[in-house]
1. Test residue 34 against the criterion of being away from the ligand (no atom under 11 Å from the Cβ) and either hydrophobic (A, V, I, L, M, F, W, C) or farther than 22 Å from residue 92 by Cα (or both), and give yes or no.
2. With the requirement that a residue be small (Gly, Ala, Ser) and surrounded by fewer than 18 Cβ atoms within 10 Å (Cβ to Cβ), what does the range 115-141 give you?
3. Picking from 106, 63, 96, 53, which residue would you name as being at pLDDT 95 or above and either surrounded by fewer than 17 Cβ atoms within 10 Å (Cβ to Cβ) or more than 30 Å from residue 148 (Cβ to Cβ) (or both)?
4. For the range 87-109: of the residues being in contact (Cβ under 8 Å) with a residue 40 or more places away in the chain and away from the ligand (no atom under 12 Å from the Cβ), which is nearest to the chain's Cα centre (by Cα)?
5. Can residue 112 be described as under 24 Å from residue 21 (Cα atoms), within 13 Å of the ligand (Cβ to nearest atom), under 20 Å from the mean Cα position of the chain (by Cα) and open to solvent by less than 40 Å² (accessible area, probe 1.4 Å)?
6. I'd like the full set of residues that are aliphatic (A, V, I, L, M), within 14 Å of the ligand (Cβ to nearest atom) and over 21 Å from residue 61 (Cα atoms), limited to the range 117-148.
7. Under 7 Å between Cβ atoms, which residue pairs at least 6 apart in sequence (or on different chains) link something in the range 176-198 that is more than 16 Å from residue 224 (Cα to Cα) with a partner that is open to solvent by 40 Å² or more (accessible area, probe 1.4 Å) and at pLDDT below 95?
8. Looking at the range 37-65, which of the residues that are closer than 18 Å to residue 229 by Cβ and touching a Leu at 6+ places or on another chain (Cβ under 8 Å) is nearest to the ligand (Cβ to nearest atom)?
Amino acid sequence: MGALDGRAALVTGAARGIGAAVAKRLAADGAAVAVLDLDASAGQSTVDAIVADGGKAIAIGADVTNAEAIDAAVDQVVAELGSIDILVNNAGVTRDNLLFKMSEQDWDTVLGVHLKGAFLASKAAQKHMVKAKYGKIVSLSSVSALGNRGQANYSAAKMGIQGFTRTLAIELGPFGITVNAVAPGFIVTEMTAATAERLGVTPEQLQNATAEVTPVRRVGQPDDIANAIAFFVSDASSFITGQTLYVDGGRKIG
Ligand code: NAP
């Protein structure tokens, strides 16, 4: 028996990276999982991997910044999987630049995907969760919330996620819904490979340099984040809400 047997989950940005690892982990724990990404075909490989392991999953194409598309996606989850018990707000982008070079578009894009995206998906999901008097919402923050050169937009969005999480925890707690955030440190994905390219080094060089300044002396893998999220969406964490857990190998305190 899995910890999430009978539950239905929606994971945004789950075609690859952390989102794909989370979708696979929740499915392995027994949940039926909706794999949402910009394009449904992009999420199909995550769905195929889940199904090949004996799990249940569907792919949905939607842009998290589009209210109509997200409402329709949540309705599709409920229609096809029977409910929406778990929402993981994971979709994300970076548009890094120093403040004086950061365009208004780069600011809007990053705030839009992370903050407006989490707002729209949570608003659509809570409608069903409140009725069911049950729900788990987890959003992705980041160590960059604490400040990171070249990421004024991303840092603001990721700290915004922490305030959003605390407020939702207060509003939705009476309805049996917990709301938490996970703040990863450096995780090996295409997002951090793109950071390496921007800095003019290889992904391996950036990983090695980051591992050296990380107390546990390694960088993170998507499964490190999936492990933490699996806890927050399980009933083992039912008295924990409004929290942000840094999963960063000690970077925050290092
Ligand atoms: P990733 O590999 O770039 O994957 C992000 C996924 O989100 C992609 O599949 C992307 O689709 C999708 N996406 C982007 N915009 C979207 C939108 N508007 N609607 C729906 N899907 C969208 O990133 P990751 O490294 O796995 O990061 C996942 C989350 O963890 C993000 O919120 C990120 O900020 C956070 N995080 C990551 C790290 C890290 O070190 N990797 C550290 C801290 C926090 P496309 O491919 O089509 O763009």
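The values are calculated or read from the model by the stated rules, or taken from the named source; none is laboratory data. This structure is a prediction, so every number in the text was calculated from the model and none was measured. Positions of Cβ are generated from backbone atoms using ideal geometry, with glycine treated the same way; all protein chains shown enter the neighbour counts. Please note that ligands, DNA and RNA were not included when accessible areas were found on the heavy atoms of the full protein model with its side chains. Shrake-Rupley method; radii C 1.70, N 1.55, O 1.52, S 1.80 Å.
1. Values: away from the ligand (no atom under 11 Å from the Cβ): yes; either hydrophobic (A, V, I, L, M, F, W, C) or farther than 22 Å from residue 92 by Cα (or both): yes.
It is true that residue 34 is away from the ligand (no atom under 11 Å from the Cβ) and either hydrophobic (A, V, I, L, M, F, W, C) or farther than 22 Å from residue 92 by Cα (or both).
2. Start the filter on the range 115-141 by keeping residues that are small (Gly, Ala, Ser), which leaves 117-118, 121-122, 124-125, 132, 135, 139, 141.
Residue satisfying the conditions is 132 alone.
3. Working: 106 fails: either surrounded by fewer than 17 Cβ atoms within 10 Å (Cβ to Cβ) or more than 30 Å from residue 148 (Cβ to Cβ) (or both); 63 fails: either surrounded by fewer than 17 Cβ atoms within 10 Å (Cβ to Cβ) or more than 30 Å from residue 148 (Cβ to Cβ) (or both); 96 fails: either surrounded by fewer than 17 Cβ atoms within 10 Å (Cβ to Cβ) or more than 30 Å from residue 148 (Cβ to Cβ) (or both).
Criteria check complete, one pass: 53.
4. Across the range 87-109, the extreme among qualifying residues is 87.
5. Values: under 24 Å from residue 21 (Cα atoms): yes; within 13 Å of the ligand (Cβ to nearest atom): yes; under 20 Å from the mean Cα position of the chain (by Cα): yes; open to solvent by less than 40 Å² (accessible area, probe 1.4 Å): yes.
Spelling it out, residue 112 is indeed under 24 Å from residue 21 (Cα atoms), within 13 Å of the ligand (Cβ to nearest atom), under 20 Å from the mean Cα position of the chain (by Cα) and open to solvent by less than 40 Å² (accessible area, probe 1.4 Å).
6. 143, 145, 146
7. none
8. The qualifying residue nearest to the ligand (Cβ to nearest atom) is 64.
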